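Below you'll find the structure, written out as structure tokens, and then a few comments.
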Amino acid sequence: MTQPLSNTEIEVVLSGLPDWTVEDDYLVKTFVFGSFREAMSFVVRISYEAEDMNHHPEITNVYNRVAIRLTTHDEGGRITEKDAKLARKIENICWLT
């Protein structure tokens, strides 16, 4: 099991994740794509990374927007290194600049 990150550790994680924030013990970011198809293809790509990690984000899609919320439910809904790792993977697969 992974341990919840301290506030200081979360700040370090956020410094390497552009536009990610913390809301109610979740790492959060909204991505805006050029179309619904682009947004959905991004969601599908995230699904492969998440499934490989057995760590499943909360994903909301409205037209060209994809909102991601990451927390570790096994640690009481706290942010852990697992969330940081998935957020970094999401950043790596995102083609937006």
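Could you give me D for the chain, from Stokes-Einstein at 10 °C and 1.306 mPa s, where the hydrodynamic radius is the Kirkwood radius over C-alpha pairs? Units µm² s⁻¹, please. Answer, rounded: 117 µm²/s. For segment 7-93, the residue among 55, 35, 73 whose Cα projects farthest onto the positive side of the dipole built from Cβ charges is 35.
Counting only DSSP H runs of at least 4 residues, each contributing -39500 (n - 2.57), and dividing by the residue count of the chain, the helix-based mean residue ellipticity at 222 nm comes to -13000 deg cm²/dmol.
Starting from 0.36 nm per residue, how many nanometres of slack lie between residue 12 and residue 96 once their C-alpha separation is accounted for? Please list the in-between numbers first.
Values: separation 84, 0.36 × 84 = 30.24 nm, distance 2.28 nm.
Stretched fully, the residue 12-residue 96 segment lengthens by 28.0 nm.
Taking a label point 7 Å from the Cα of residue 19 along the Cα→Cβ vector, which residues of segment 61-79 have an amide N closer than 18 Å to it? Residues 61-70 qualify, since their backbone N sits under 18 Å from the label point.
Taking every Cα-Cα distance in segment 1-44 and sorting them into 5 Å bins from zero, the calculated P(r) comes out as 5, 18, 20, 18, 15, 13, 8, 3 percent.
Run the numbers for residue 60 and residue 81: contour at 0.36 nm per residue of separation, minus the present Cα-Cα distance, in nm. Mind dumping the intermediate values first?
On the way: separation 21, 0.36 × 21 = 7.56 nm, distance 2.22 nm.
Extending this stretch completely gives an extra 5.3 nm.
For residue 80, the amide hydrogen comes within under 5 Å of the amide hydrogens of 5, 72, counting only partners 5 or more places away or on other chains and with H modelled in the peptide plane.
Every read-out reported here was derived from the displayed coordinates using simple, explicitly stated rules and does not represent laboratory data. These figures come from a predicted structure and were not determined experimentally. Cβ coordinates were reconstructed from backbone atoms using ideal geometry, including for glycine residues, and neighbour counts include every protein chain displayed.
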